[in-house]
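The values are calculated or read from the model by the stated rules, or taken from the named source; none is laboratory data. Only a predicted model underlies this, so the values are computations on that prediction, with no experimental measurement involved. A quick note on method: Cβ atoms are made from the backbone with ideal geometry, for glycine too, and the neighbour counts reach across all protein chains shown. The protein model used for the area step is the full one, side chains on, heavy atoms only, and it has no ligands, DNA or RNA in it. Shrake-Rupley method; radii C 1.70, N 1.55, O 1.52, S 1.80 Å.
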Amino acid sequence: MNRLRIFLQAIKKYVIGIMGILLLGLFSPARGQSLSVYGLVTDRQSGVALEGAYVVVDSLNHHTTTDPSGKFKIEGLLPGEYTLLVSHLGMQPVLKKIHLHGKSVQVNIEMDSLIKTLSEITINSRPTNQISAGFLNNIEGTSIYAGKKTEVIRVGETCANLASNNSRQIYGRIAGLNIWESDAGGLQLGIGGRGLSPHRTSNFNTRQNGYDISADALGYPESYYTPPAEAIERIELIRGAASLQYGTQFGGMLNFTLKTPPTDKVFSFETRNTAGSYGFFSSFTSLGGTKKNFSYYGFYQYKRGNGWRENSAFTSHTAYLSLSYRIHPKLKVQADYTLARYLQRQPGGLTDAQFQENPRQSTRERNWFQIKWNIPVLMAQYDISPNTKADLRTFALIGERNALGFLGTPNRADPMEERDLISTQFRNWGSELRLLHRYTLSGNYSALLTGVRLYQGKTHNKQGMADDGYDADFHFLSGNENILNAHDFPSFNAALFAENIFAVSKKFTITPGMRIEYISTLSKGFFVEVNSDLAGNEISRQTFNDSQKNQRVFILGGIGMSYKHRPEAEFYANLSQNYRAINFNDLRIVNPNFRVDASLKDEKGFSADLGARGTLKNWLYYDLSTFVIRYQDKIGYILKVDSSLFTVYRLRTNVADAYNYGLECATDLDILRAINENSPHSLSLFASFTIQNGVYKDSREPAFDGKKVEMVPGTILRTGTTYRYKTLKMSLQYSYTSRHYTDATNAEFTANAVNGVIPAYYVMDFSVEYAFRKWVALAAGINNLTNNRYFTRRADGYPGPGIIPADGITAYGTLIIKR
């Protein structure tokens, strides 16, 4: 407790110190380097000044926007040579070299329109940079990414089925992702990288616009809400080295950056309406604009569908509103609110025999799943000086999940009795304050990031019996005997973190970092232990009162290195410690298909990357890297025998130490633009390829030594081609995932289908989009073009248990209108 008290006092002093710096900066003139670049941005054809143009000094994160008279000024620059990038909606980006030697420089920029009007037809004059993949700069906002493995997806360039959040298309250019396909509507995202389970993306710290959106970052880190892809500007993925800035997860951080309002319009409008196979319909509408210092953006999406399988209909509502106001030239405040609701009928899992017979069949008619999600957020960004920035994000989650149905394995018929109901409420809040300061070291720019995070989660879980009907009635039957489990799971987290980019030279940087973490997880309630025979008849039951508390303080460290032999090409390496805390919610779910080891321990370890990445002009992107993840006491599933009940069950436990390692490669090459940069045609070949392995070591049970880690496909390949000409865009993608296991026992087959292999599978997808005018376009596509029968997961609970078949061939068409 003394360590905790000292730690919390340190956080208090840090926050007081930061607030003092903020107030001092607000009421005092900015101090920085004496050199600056300033000027005017205009439209070349009309000579009109362009308000809201984005002006940035490359790789330094010095940026600004032009005022109503088209003027800009960037201060705090050292003598040297820089590249100035200027962009504006509807205009061709401008790159301009500038030289600062002893005095400030004025630069006037003239921009050309991207659009050329011929008669009544509006077309693009030539393709712009349409590579959909990329990586983050060393500094973005108040975050440091130097030396880290980072990946960016520009969603608007993917030519994917955005209405259904088709994950294998959207994430096709990121190497090493194992993707679960569990529903046709894309209601839940299930991705895992480098051998981590894709289960509701729970091995990533999942964020939207930089704030948490998962159920409970500590107590229940599963993601039930995924932003509509039609609203996403880009997706940022930072691998395990993100542990120092964003939390301790082995997978890293996944951030959805939503679209922002145009800066040159008071009102903009977009609507996308999609119809598809099996009753699928989606309607997405967004509004946004800027008036002086005030900006707004919001959207609403409605989706419904009957599903490819029987008993898999769904409805979904998602809404978002963001309001921002620049109070002061240095200070901007923003308020966001996200609402998500969906109701999904779940067809249940299948046995291997049932899947072979007919993967579209369903043996469950009474299973339902419901989500209610509310995320209010307040944010502030403050430029204390040209070299010092602060960022504060305070967020909350008021959420609820309800799962209703019969949890028996697919080799057992539904007895048509009372159904099992799990109802969980989430009441969480968190606040994260970051301070980034740029300074000079031996004539080169360096940067220090410090931050503090406070997070409190409260999960209330209740499990018991509901009615024996068919409808989605999420109410428990009256009577205490019908409640099998009721627990509160409060958690608290406080963290201090710091990273520093040391610029050894203009080309070489070293970035060490450290995170001091305090985690407290508690459990209080009761649970009922029910023993049944092989026929499912109850033999006995016993009620246990339960109270547990686990507190820990620990330090994580890491280091990254980056060498840029030219601005567009880089070698990088990093090593960071990771930590994953168990949550008591794992221990207290009553599920006949698995049990949890009461002595389950936290996972510890590290992750490391070594790679090379870069771009060549606007026609080549590449990222080649090797990785290793080391786990101490990795949590997994093994098969055990209950001799008293003569049953085989699945045990979640610390299996052993484990090593996951592999090679990842991602590339996007535009062949035609490589031959002729000004070609009106674009033919892009892309591929993401992974070879990996995972092995258990030093197990308490020698039988597991040398066994393969579950969820580690040896090969994952996604490749394809995209053709563009003027406003026409077509894409064909091929995806392949090799055979892999679902538990540490490496079971090939089990009668209940909860464990077993995932056979190798491949899928092909085709998409096309064409803009008839600047404001109207059509998109269409066919997913699973060859109508393959395959599955990506075996579930032990909802939406199974058993094999969850992926969808067969489906088609869709979208009408897009923008003003």
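Each residue in region 733-753 was checked for being in contact (Cβ under 8 Å) with a residue 40 or more places away in the chain, farther than 14 Å from Met711 by Cβ and under 27 Å from the mean Cα position of the chain (by Cα), and 2 of them qualify. Taken over region 400-455, residues that are among the small types (Gly, Ala, Ser) and out of contact with any Lys or Arg (no Cβ under 6 Å at 6 or more places or on another chain) amount to 8. Does Gln361 meet the test of being in a loop (DSSP other than H, G, I, E, B) and open to solvent by 20 Å² or more (accessible area, probe 1.4 Å)? Here the answer is yes, as Gln361 does meet what is asked. Scanning region 53-69 for residues that are surrounded by 20 or more Cβ atoms within 10 Å (Cβ to Cβ), part of a loop (DSSP other than H, G, I, E, B) and at pLDDT 75 or above yields Ala53, Thr66. Entry remark, region 714-725: residues being buried (at least 23 other Cβ atoms within 10 Å of the Cβ) and either under 24 Å from the mean Cα position of the chain (by Cα) or within 19 Å of Val763 (Cα to Cα) (or both) number 3 in total.
For every residue, the table says whether it meets (1) closer than 30 Å to Phe772 by Cβ; (2) surrounded by fewer than 14 Cβ atoms within 10 Å (Cβ to Cβ); (3) at pLDDT below 80.
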site	(1), (2), (3)
Leu85	no, no, no
Met91	yes, no, yes
His99	no, yes, no
Val105	no, no, no
Ile109	no, no, no
Ile115	yes, yes, yes
Glu120	yes, yes, yes
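Residues in region 454-483 that are more than 14 Å from Leu404 (Cβ to Cβ) and among the aliphatic types (A, V, I, L, M) were compared, and the one that is least open to solvent (accessible area, probe 1.4 Å) is Ile483. If the condition is being part of a strand (DSSP E or B) and open to solvent by 10 Å² or more (accessible area, probe 1.4 Å), then region 613-626 contributes Thr615, Leu616, Leu620, Tyr622, Leu624, Thr626.
Selection of first residues in region 69-81 that are on the phi > 0 side of the Ramachandran plot and of second residues that are polar (S, T, N, Q) and open to solvent by 10 Å² or more (accessible area, probe 1.4 Å), restricted to Cβ pairs under 6 Å at least 6 apart or on distinct chains, gives the following pairs, ordered by first then second residue: Gly70/Thr42; Gly76/Gln33; Gly76/Asn387. Set side by side, the residues Arg434, Arg438 differ, and just one is crowded, with 20+ Cβ neighbours inside 10 Å and touching an Asp or Glu at 6+ places or on another chain (Cβ under 7 Å), which is Arg434.
With respect to the stated conditions, Gly147 is open to solvent by less than 10 Å² (accessible area, probe 1.4 Å) and outside any strand (DSSP E or B). If the condition is being touching a residue at least 60 places away in the same chain (Cβ under 8 Å), open to solvent by 10 Å² or more (accessible area, probe 1.4 Å) and not in a loop (DSSP other than H, G, I, E, B), then region 152-163 contributes Arg154, Gly156. If only residues of region 742-800 that are open to solvent by 10 Å² or more (accessible area, probe 1.4 Å), in a loop (DSSP other than H, G, I, E, B) and among the acidic types (Asp, Glu) are counted, the one that is farthest from Gln361 (Cα to Cα) is Glu748. Each residue in region 164-211 was checked for being assigned to a strand (DSSP E or B) and over 16 Å from Trp373 (Cβ atoms), and 7 pass.
Among residues of region 335-348 that are without any contact (Cβ under 8 Å) to a residue 40 or more places away in the chain, those with a beta-carbon under 6 Å from a residue that is not β-branched (Val, Ile, Thr) at least six positions away or on a different chain give the pairs Leu339/Ala319; Leu339/Asn374; Arg341/His317; Arg341/Lys372. Across region 656-702, the qualifying residues are those that are open to solvent by less than 10 Å² (accessible area, probe 1.4 Å), over 22 Å from Gly134 (Cα atoms) and not hydroxyl-bearing (Ser, Thr, Tyr), and the one among them that is modelled with the lowest pLDDT is Ala656. In this entry, Ala241 is excluded by the filter for residues that are within 29 Å of Pro805 (Cα to Cα) and either of a type in the set (Gly, Ala, Ser) or surrounded by fewer than 24 Cβ atoms within 10 Å (Cβ to Cβ) (or both).
Consider region 801-815 and keep the residues that are in a loop (DSSP other than H, G, I, E, B) and at pLDDT 95 or above. The one that is most open to solvent (accessible area, probe 1.4 Å) is Ile809. Quick one: would you say Ala486 is more than 30 Å from Gly558 (Cβ to Cβ), buried (at least 18 other Cβ atoms within 10 Å of the Cβ), modelled with pLDDT under 95 and out of contact with any Cys (no Cβ under 6 Å at 6 or more places or on another chain)? Yes; evaluated as a whole, the condition is true for this residue. Assessment of region 211-224 against the conditions (without any contact (Cβ under 8 Å) to a residue 40 or more places away in the chain, in contact with a helix residue (DSSP H, G or I) (Cβ under 7 Å, 6 or more places away or on another chain) and either among the basic types (Lys, Arg) or surrounded by 24 or more Cβ atoms within 10 Å (Cβ to Cβ) (or both)) yields no matching residue. State yes or no: is Arg739 farther than 22 Å from Thr158 by Cα and either open to solvent by 50 Å² or more (accessible area, probe 1.4 Å) or at pLDDT below 95 (or both)? Against the criterion (farther than 22 Å from Thr158 by Cα and either open to solvent by 50 Å² or more (accessible area, probe 1.4 Å) or at pLDDT below 95 (or both)), Arg739 qualifies. Residues in region 364-378 that are free of Cβ contacts under 8 Å to residues at least 60 places away in the same chain and either open to solvent by less than 20 Å² (accessible area, probe 1.4 Å) or part of a loop (DSSP other than H, G, I, E, B) (or both): Arg364 alone.
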